[in-house]
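Reading through the structure tokens given below for one structure.
The values are calculated or read from the model by the stated rules, or taken from the named source; none is laboratory data. As the structure is a prediction and not an experimental result, all values here were calculated from the model. Note that we place each Cβ from the backbone using ideal geometry, even for glycine, and neighbour counts take in every protein chain shown. Ligands, DNA and RNA are stripped out before the accessible areas are found, and what is left, the full protein with its side chains, is counted by its heavy atoms. Shrake-Rupley method; radii C 1.70, N 1.55, O 1.52, S 1.80 Å.
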Amino acid sequence: MSLFQQRYDVVIVGSGPGGSTLAYSLARHGCRILLLEEGDFLQPDPARAEVTAISMGELQRKGLRKYVGGSSKLYGAALYRMREIDFRATATETGESSAWPISYADLEPYYAQAERLYGVRGSPEGDPSEPPRSGPFPHGPIPHEPYIAEVVERIRAQGLPVAYIPKAVDHGPGGRCVLCATCDGYYCQRDAKLDAEVAVLRPALLTGRVQLLTRARCLKVLTTPDGRSATGILLEHEGARHEVHAGVVAVCAGVTQTPLILWRSRNGAHPQGIGNATGCLGRYLAGHTAGMLFPIRNLRKVPPLHQKTFAINAYYEPSADWPYPLGVIQAAGQFPLWESVPGFMRPFVKFIAQRSLMCFLMTEAVPSKDSGLRFDGDRIVGMRRPLRNMRTYRKLREHAVRIFKDAGYGWVYSPRTPVALWHPVGTARFGTDPATSVLDPDCRVHGMDNLYVADSCFLPSAGAVNTSLSVIAMALRVAATIARTPTVSSVPAA
Ligand SMILES: Cc1cc2nc3c(=O)[nH]c(=O)nc-3n(C[C@H](O)[C@H](O)[C@H](O)COP(=O)(O)OP(=O)(O)OC[C@H]3O[C@@H](n4cnc5c(N)ncnc54)[C@H](O)[C@@H]3O)c2cc1C
């Protein structure tokens, strides 16, 4: 029987951290799965065998923008749990950051499982924002390079706690990670980064219960005439269209494509798109107001280092100094920042970047019903950003500049304007009220029996730490919910 004629327990769209983790966990629960991915596998380039990793810019110049594993193929592998405060409605300069419909304690067991699956290396030491955990990190932290250890000591000498960044890399005895300088923003040719493909998709394929179809694009979700149940999807593969049927459908195509697929699935029962009866689909975009800090000690280039190992998380909660959470200061990797700026700025950015200990500043950007995507026809035609909390961001920047100056960096360059919105989330957020959310607290589309979203879209707020571990933990929780439903268990394996 052809792949398209079979009936699956679950069809999953997208192989990023959300989709791949869901496929892995459902396969372990005994389900038969079709996993659809628009991109193809990234393969080591024999012509570039001398380098450990290939930058995002180089991949893009080769036309590679979608791949198995999604954005995690390029990620910095910083896998953080959201902090307890992130689950609550929290006052910020521009309004309230949205509460989650579940508590940290509800997600904690799944965070623990997620850390084990992705082999996270970390330590709660020096991190006042670290939430309670049921057990230690699966592995000890990545040791700081001597250059970084010295900086960390100088910051600690100011009385500030400095934390290890929890990281998903295969470091240690027998591990593939050589702690090179090319990690954040790079595809690792050694498979040393525990991204979604390496950590969960390959083991999922080994179960024999997951069929992966690459270069296949989901066009829409199909439903019963009354619109209450999803029956499968319509996809495009090698120029032909096919319908695939399943007991459960999970859309995990990322923060822009998941809402687009649901929007494109408009039908008689869902005239405004699936999950959009109250106009929330694509809205409530949230994330991090992110900017750069370039502390420079002298005009010599910083040697190649695996520098993304420390963070200052001491400003995570409101304080006497500032009534709102400020966010985090986090070491960046040594990525070629200059590749992503306009040509005339490149020499300047390259000069600065190569001589500085690049760091990120991240402050929460708060959603509103106005923030997010605008659709027209079958396309996204616009995106309005969330509320940026600019005064809060600048306060964090002030602290960061002072800290690095006091640590011996004579010149600390940091543009006043943040560079971008990072870690975007929330475009199909979960909640108890269908008037303000797309998904219910189990990440099932409100009013539907068997249609789930398990990717970055579900997060109603992003706190100020990296969001992927929360996507992974939620995918594990969604898998447990799906595995308990009669819809799945009643579908006989073909
Ligand atoms: C340079 C960089 C560094 C980062 N560093 C970190 C970090 O250190 N820590 C952290 O937590 N996060 C980091 N992130 C963010 C992180 O990668 C994302 O948050 C995460 O990958 C989101 O996972 P996802 O499952 O929601 O979606 P995605 O990773 O976006 O995956 C979605 C998948 O769906 C596929 N798809 C889309 N549309 C369709 C369709 N119609 N049909 C079939 N398939 C489709 C896509 O090709 C993709 O593979 C980083 C991101 C980048 C780019």
Worksheet entry | Restricting segment 54-73 to residues that are open to solvent by less than 10 Å² (accessible area, probe 1.4 Å) and within 9 Å of the ligand (Cβ to nearest atom), the residue that is nearest to A192 (Cα to Cα) | K73
Item to complete: With respect to E150, determine if the residue is part of a loop (DSSP other than H, G, I, E, B) and of a type outside the set (A, V, I, L, M, F, W, C).
Response: no
Worksheet item: Is one or more of the residues making up segment 41-53 closer than 15 Å to D195 by Cβ, of a type in the set (S, T, Y) and open to solvent by 10 Å² or more (accessible area, probe 1.4 Å)?
Response: yes
Item to complete: Select from segment 245-258 the residues that are open to solvent by less than 60 Å² (accessible area, probe 1.4 Å) and away from the ligand (no atom under 15 Å from the Cβ) and list them in ascending order.
Response: G247, V248
Practice prompt. Kindly indicate the residue of segment 1-28 that is in contact with an Asp or Glu (Cβ under 9 Å, 6 or more places away or on another chain) and not in a helix (DSSP H, G or I) and also surrounded by the fewest Cβ atoms within 10 Å (Cβ to Cβ) among those meeting that condition.
Written response: F4
Response to the item:
Inside segment 29-40, the number of residues satisfying the requirement of being open to solvent by less than 10 Å² (accessible area, probe 1.4 Å), in a loop (DSSP other than H, G, I, E, B) and touching a Cys at 6+ places or on another chain (Cβ under 9 Å) is 0
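Residue by residue through segment 342-389, note down the ones that are assigned to a strand (DSSP E or B) and closer than 28 Å to L219 by Cβ.
Within segment 342-389, G372, L373, R374, F375, D376, R379, I380, V381, G382, M383, R384 meet the criteria.
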Worksheet item: Conditions: (1) part of a loop (DSSP other than H, G, I, E, B); (2) open to solvent by 20 Å² or more (accessible area, probe 1.4 Å); (3) out of contact with any helix residue (DSSP H, G or I) (no Cβ under 6 Å at 6 or more places or on another chain). I142 meets all but one. Number of the miss?
Response: (2)
Response to the item:
Only one of (1) away from the ligand (no atom under 11 Å from the Cβ); (2) in a strand (DSSP E or B) does not apply to W263, and that is (2)
Practice prompt. Return the pairs, sorted by first residue and then second, in which the second residue is open to solvent by less than 40 Å² (accessible area, probe 1.4 Å), the first residue lies in segment 38-55 and is among the basic types (K, R), the beta carbons are less than 8 Å apart, and the residues are 6+ apart or on different chains.
Written response: R48/I54; R48/Q189
Practice prompt. Determine if segment 14-27 includes at least one residue that is under 23 Å from the mean Cα position of the chain (by Cα) and more than 16 Å from the ligand (Cβ to nearest atom).
Written response: yes
Worksheet item: Under the condition of being touching a Leu at 6+ places or on another chain (Cβ under 7 Å) and of a type in the set (S, T, Y), which residue from segment 152-190 is surrounded by the most Cβ atoms within 10 Å (Cβ to Cβ)?
Response: Y186
Worksheet item: Which residues, taken from segment 76-133, are in a loop (DSSP other than H, G, I, E, B), more than 16 Å from the ligand (Cβ to nearest atom) and of a type in the set (A, V, I, L, M, F, W, C)?
Response: A89, A99, W100, I102
Worksheet item: Of all residues in segment 205-244, how many are assigned to a loop (DSSP other than H, G, I, E, B) and either open to solvent by 60 Å² or more (accessible area, probe 1.4 Å) or at pLDDT below 95 (or both)?
Response: 8
Discussion item. Can you find, within segment 194-204, the residue that is nearest to the ligand (Cβ to nearest atom) among those that are touching a residue at least 12 places away in the same chain (Cβ under 8 Å) and either surrounded by fewer than 22 Cβ atoms within 10 Å (Cβ to Cβ) or part of a loop (DSSP other than H, G, I, E, B) (or both)?
Written reply: D195
Item to complete: With the condition kept exactly as written, say whether any residue in segment 451-467 is exposed (fewer than 15 other Cβ atoms within 10 Å of the Cβ), away from the ligand (no atom under 13 Å from the Cβ) and within 25 Å of the chain's Cα centre (by Cα).
Response: no
Worksheet item: How about segment 93-120: which of its residues are among the polar types (S, T, N, Q), surrounded by fewer than 22 Cβ atoms within 10 Å (Cβ to Cβ) and over 27 Å from T309 (Cβ atoms)?
Response: T94, S103
Practice prompt. Kindly check whether there is at least one residue in segment 330-341 that is within 16 Å of G185 (Cβ to Cβ), of a type in the set (S, T, Y) and either in contact with a Pro (Cβ under 7 Å, 6 or more places away or on another chain) or in a helix (DSSP H, G or I) (or both).
Written response: yes
Worksheet, complete the sentence: A47 vs (1) aliphatic (A, V, I, L, M); (2) out of contact with any Asp or Glu (no Cβ under 6 Å at 6 or more places or on another chain); (3) within 16 Å of the ligand (Cβ to nearest atom): all pass except (3)
